[in-house]
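Since the structure comes first, as structure tokens, the remarks are kept for the end.
The values are calculated or read from the model by the stated rules, or taken from the named source; none is laboratory data. Predicted model, so just to flag it, every value in this text is computed and none were measured. Reconstructed Cβ throughout: ideal geometry from the backbone, glycine too, with neighbour counts over all protein chains shown.
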Amino acid sequence: MERFLHCFPYKYEKHRPLKILRDDVPRIDVFITCCGEELGIIQDTANAVCALDYPVSKFRVFVLDDGASAALRDTVFSMQSEHPNIHYTTRIKPKVPDYKAGNLNHGLLYSQAIGDPAEFVAGLDADVIADPAWLRSTIPHLLQDPKLAMVGPPQLYYNVPQNDVLNQDAFPPAVLKVRGSMGVSWCQGSGYVARRKAIMEIGGWPTYSLSEDVLCSMLLLGAHWKTSYTHERQQHGLIPDTWMGHIKQRSRWCFGDFKTGLMMRFCLFGKLSAHMTPLQRVGGFMIPALALNAMTLPIFIISLPMLLLSGHPMITYQTPSQLRLLLNLACLMVVSDWVHDLVCSMGNIGYRSYLRWLEAPVWMSPYHFETLVSNFLLPVSLGGRNLGFHPTGSRRDNVKERDPTLNTPFYQRLYNILFGGGVIIHVLYIIFLIFAVQNSARRVLANFPDPAILPAANVMPSSVSMPGDKASGCTILQSQLRSLLTHTFWPPLLWYLYLTSCLVPIRYAIHGQKDRPREELLNRNTKTGVAYPKKEATKTKRSLWSVNVEHHRTILLFYTVTVLWSHSIFAAKRRYPIARSAPVRTSAATPCAPSSRGAMSLLTEATPPVHNKRRGLLRV
């Protein structure tokens, strides 16, 4: 659905980089949300914020600690001697968890309680290091447009491993631009700057969904405010460094987007979306719709091998001309998808990264489905549970398979990921899928008789014919090709795409990935202790010959072009028949078609043989 929306010529938002140079700037309260992250990570974030290129008297820093860490409290208090604008606060958590949204609301109230609250508020995750020009580059957009409630840059990372098998490098800029052009730019969860008035107008940060950033943006749009992106590299954070950390994060995002749609009524009606434009409603609808699609995708994935095992064709047709039309449309779809992906990948993301982003929902779908069932459909008495919030960088994962200091043994990593991480599901599915494919191909070939018992003309007998193909006379080889095509190898070879996608977590379990020590990724000032990511650390590195989805898509493209080319050759032979000089005595040829079990025939239709009594020739 989202790829369909990308095809329309929207008027893209033009974001000219802005920077406020004067010191007469508005006041901002910066919130750093923490919940059990490593002390060194939080300290680097706080040091970078205190060193922002912004007048010290014009911004305050609030470390919002939901982990109630005594070590963090002492660290912040020790920083106050040099940075008097930094504050520490923690809260008594409510009985009903409200996670990050509740922590942010506590920050809003605390910054008001100590007096002189700022007009604007900004937020950073505990593991995100802001660029020195972050506030000076973001605040001008809010000053230019009084109806703009929130603006922020995309999330970028500095610890992405080489080749990034799991595609943890978040979202492509092309997608953000399309959503922005539709007027549905949403908060990325970190790096944003917002008007306090607008946040308070919608009742503070919404606690209904774990995706409080997305829901907050939707509520602002429904309240007749605007949101926007800056498309500038202003922040760099950390991706989860474990398999389970990555799965939990993406499942939380997916389920949070779905609950956002429930509260907003999918942005189709209701008071919460009353002031949205039609285009914003479409964009807002896409957010929960894509999440719901990701969570229900296993139903369609598992149905494919079941269809192959059933013996039914993947497509149905009545005449050879209908088959030819369907084949042309299928090939056109594959080629169009390839062109679309190539165009969307242009810019600073790259073709390979974009394809891996499209592939990720397939192999992650079992986890999304389990999240939907256990957190939404099942009651607690039957195993239902509430999805918790586990921030990146927290010390919650017992197995850190990518930690370079631990040197986790191969067998331990393999066992933990396969069984503890649920990747055994992908192994079982691949076995089931391969069995279904070979069973389908074997059944198709078994429907055809031995060529040795056929007449000399090698024309299919009526025992394996189909009423819809009475105008065709086919050889056994041509009939087998058509049946294999319509039953097993119909473009775009969905079973091949599913198989290669499910190999991703298995490859990760076998080969693994090692992170570099975080300190090696930073340039640290020895005097001030302020650290910023190295330039090379912020770029995703890909090996030229690392086999992944981009190579599988290329194979699929060549296969589709070959099928289309072969079909054109057969069609051309039919249009321009060749006369043979040897007289042949033959009975009326029997049309070739699939058997009653569903086998179909040849890539194209052939004109039945006709004996020319006058010349004694067989016209084909």
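Here the condition is being modelled with pLDDT of 95 or more and closer than 30 Å to Cys34 by Cβ; of His231, His236, it holds for His236 alone.
Listed residues Leu290, Leu342; which is surrounded by fewer than 13 Cβ atoms within 10 Å (Cβ to Cβ) and within 30 Å of Asn163 (Cβ to Cβ)?
Numbers: Leu290 fails: surrounded by fewer than 13 Cβ atoms within 10 Å (Cβ to Cβ).
So the residue among Leu290, Leu342 that is surrounded by fewer than 13 Cβ atoms within 10 Å (Cβ to Cβ) and within 30 Å of Asn163 (Cβ to Cβ) is Leu342.
Residues in segment 87-101: is at least one part of a strand (DSSP E or B) and more than 22 Å from Ala133 (Cα to Cα)? Before the answer, list the steps.
Of all residues in segment 87-101, those part of a strand (DSSP E or B) come to 87-89.
Going one step further and asking which of them are more than 22 Å from Ala133 (Cα to Cα), we end up with 88-89.
Yes, segment 87-101 contains a residue that is part of a strand (DSSP E or B) and more than 22 Å from Ala133 (Cα to Cα).
Checking each residue in segment 304-346 for being within 15 Å of Leu494 (Cα to Cα) and assigned to a loop (DSSP other than H, G, I, E, B) picks out Pro313, Met314, Ile315. If you check Ser310, Ser273, Ser303 for being hydroxyl-bearing (Ser, Thr, Tyr), at pLDDT 90 or above and within 23 Å of the chain's Cα centre (by Cα), only one passes: Ser303. Criterion first (surrounded by 21 or more Cβ atoms within 10 Å (Cβ to Cβ), assigned by TED's automatic domain parsing to the domain that holds Gly189 and of a type in the set (Asp, Glu)) does Asp74 satisfy it? The answer is no for Asp74. May I ask you to verify whether Asp257 is part of a helix (DSSP H, G or I), of a type in the set (Asp, Glu), crowded, with 22+ Cβ neighbours inside 10 Å and out of contact with any strand residue (DSSP E or B) (no Cβ under 9 Å at 6 or more places or on another chain)? Yes: the conditions hold for Asp257.
The rows are residues; the columns are (1) in a loop (DSSP other than H, G, I, E, B); (2) under 21 Å from the mean Cα position of the chain (by Cα); (3) more than 29 Å from Arg507 (Cβ to Cβ).
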| position | (1), (2), (3) |
| --- | --- |
| Val121 | no, no, yes |
| Leu143 | no, no, yes |
| Gln155 | yes, yes, no |
| Gln162 | yes, yes, no |
| Leu166 | yes, yes, no |
| Asp169 | yes, yes, no |
| Trp205 | yes, no, yes |
| Ser217 | no, yes, yes |
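Looking across Thr405, Thr392, Thr371, one residue alone is at pLDDT below 90 and assigned by TED's automatic domain parsing to the domain that holds Ser501. It is Thr405. Taken together, Leu418, Leu428, Leu433, Leu485 contain a single residue that is within 20 Å of Tyr317 (Cβ to Cβ), at pLDDT 85 or above and not polar (S, T, N, Q), which is Leu485. The residues in segment 119-134 that are farther than 20 Å from Cys34 by Cβ and of a type outside the set (Phe, Trp, Tyr) can be counted, and the count is 4.
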